[in-house]
Amino acid sequence: MTDVTTNLSQLKVLIADFEKKYHRAQHSVTLLAVSKGQPLEKIQAAFAAGQRSFGESYLQEALPKIAAFNEGSVEWHFIGPVQSNKTHKIAQHFAWVHSIASKKIAKRLNDQRPPDLPPLNLCIEINIDHEATKSGINLDEVVPLAKYCIELPNIQLRGLMAIPATRATVMEQREAFHALFLAWQSLREQGFVLDTLSMGMSEDFEAAIAEGSTIIRIGRSIFGERHYL
Ligand SMILES: *Cc1c(COP(=O)(O)O)cnc(C)c1O
């Protein structure tokens with residue numbers, strides 16, 4: 001049995017070490033615990049250990065987990081591709097969506113966000129390595145989509161997200177993250193108010209922290225292997 005509590009505390013030590021090593025401010029990197037494919041008991045164990053933000057990729061899987069916690073006690077992040085027929089429930093139950101790849105989905109989330117909730121936080125997903133199997137837009141499409149998002153009142157554009165192709169070394173991993181960082185910087189220089197770079201997973205979060213990540217999305221290093229996949 002994976003010890004979620006031990007994994008979480010070891011991970012926090014590592015994150016602090018990498019913040020120091022790469023001259024990042026203390027606590028500038030937030031840990032999102034990716035709980036897709038993991039049983040409720042493990043999420044509850046992480047919650048008991050103080051973890052408050054969790055990432056899910058599939059709406060149907062996420063809904064019963066969300067219902068198991070008191071409303072407002074957990075910050076739920078949707079990190080998978082968003083289908084049109086899922087936007088209603090996502091706008092209702094999540095605080096963040098990391099995977100915006102079209103105006104159409106941004107508009108639906110805006111229109112369906114319940115008025116009593118704060119704006120839904122969004123990141124635009126970039127297909128940084130141009131992989132056919134991955135979602136996300138190309139970098140040359142980001143400015144029009146960002147412009148569109150900031151006009152909508154019930155969503156708040158926070159930054160960019162990417163899932164780079166697998167690379168073996170930290171040096172190689174850093175190249176893809178650096179490209180995302182540069183795109184984010186460029187948007188900021190153009191006047192977009194962005195504070196979030198969602199990048200880094202179990203196998204590459206050191207490189208992501210080195211390149212300016214503000215949210216790392218970690219699943220297996222906290223919870224162990226997923227039950228499907
Ligand atoms: C599954 C997933 C993760 C977590 O991956 P691990 O390798 O388990 O750390 C992070 N981000 C996204 C978008 C995912 O789908």
- Taking segment 67-87 as the search range and keeping residues that are touching a residue at least 24 places away in the same chain (Cβ under 8 Å) and within 23 Å of I126 (Cα to Cα), which one is surrounded by the fewest Cβ atoms within 10 Å (Cβ to Cβ)? S84
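Within segment 48-65, identify whether any single residue is in a helix (DSSP H, G or I) and within 18 Å of S213 (Cα to Cα), and answer yes or no.
Kept after step one, since they are in a helix (DSSP H, G or I), are these residues of segment 48-65: 48, 59-65.
Keeping just the survivors that are within 18 Å of S213 (Cα to Cα) gives none.
Taking every residue of segment 48-65 in turn, none turns out to be in a helix (DSSP H, G or I) and within 18 Å of S213 (Cα to Cα).
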- Message: Any residue that is among the aromatic types (F, W, Y) and out of contact with any helix residue (DSSP H, G or I) (no Cβ under 9 Å at 6 or more places or on another chain) - is there at least one of those in segment 165-180?
- Response: no
- Considering only segment 76-123, state which residues are part of a helix (DSSP H, G or I) and within 16 Å of the ligand (Cβ to nearest atom). K86, I90, I105
- Message: Can you tell me which of (1) of a type outside the set (G, A, S); (2) in contact with a Cys (Cβ under 7 Å, 6 or more places away or on another chain); (3) closer than 30 Å to E172 by Cβ is the one I155 doesn't meet?
- Response: (3)
- Of those in segment 1-46 that are in a loop (DSSP other than H, G, I, E, B) and small (G, A, S), the residue nearest to M201 (Cα to Cα) is S35
- When restricted to S73, S53, the only residue small (G, A, S), within 14 Å of the ligand (Cβ to nearest atom) and under 15 Å from A95 (Cβ atoms) is S53
- Need at least 2 residues that are basic (K, R), more than 30 Å from S9 (Cβ to Cβ) and more than 13 Å from the ligand (Cβ to nearest atom) per element, so show me which strands (runs of 3 or more DSSP E) inside segment 125-229 make the cut, counting only ones lying wholly within it. none
- Message: Name the single residue that is surrounded by the fewest Cβ atoms within 10 Å (Cβ to Cβ) among those in segment 8-32 being among the β-branched types (V, I, T) and touching a residue at least 24 places away in the same chain (Cβ under 8 Å).
- Response: T30
- Query: If you go through segment 30-50 one residue at a time, how many are β-branched (V, I, T), more than 9 Å from the ligand (Cβ to nearest atom) and within 16 Å of I15 (Cβ to Cβ)?
  - Reply: 1
- Would you call L11 in contact with a Ser or Thr (Cβ under 7 Å, 6 or more places away or on another chain), among the aliphatic types (A, V, I, L, M) and modelled with pLDDT of 95 or more? yes
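The values are calculated or read from the model by the stated rules, or taken from the named source; none is laboratory data. Computed from a predicted structure; not experimentally measured. No Cβ is skipped: glycine too gets one built from the backbone with ideal geometry, and neighbour counts run over all protein chains shown.
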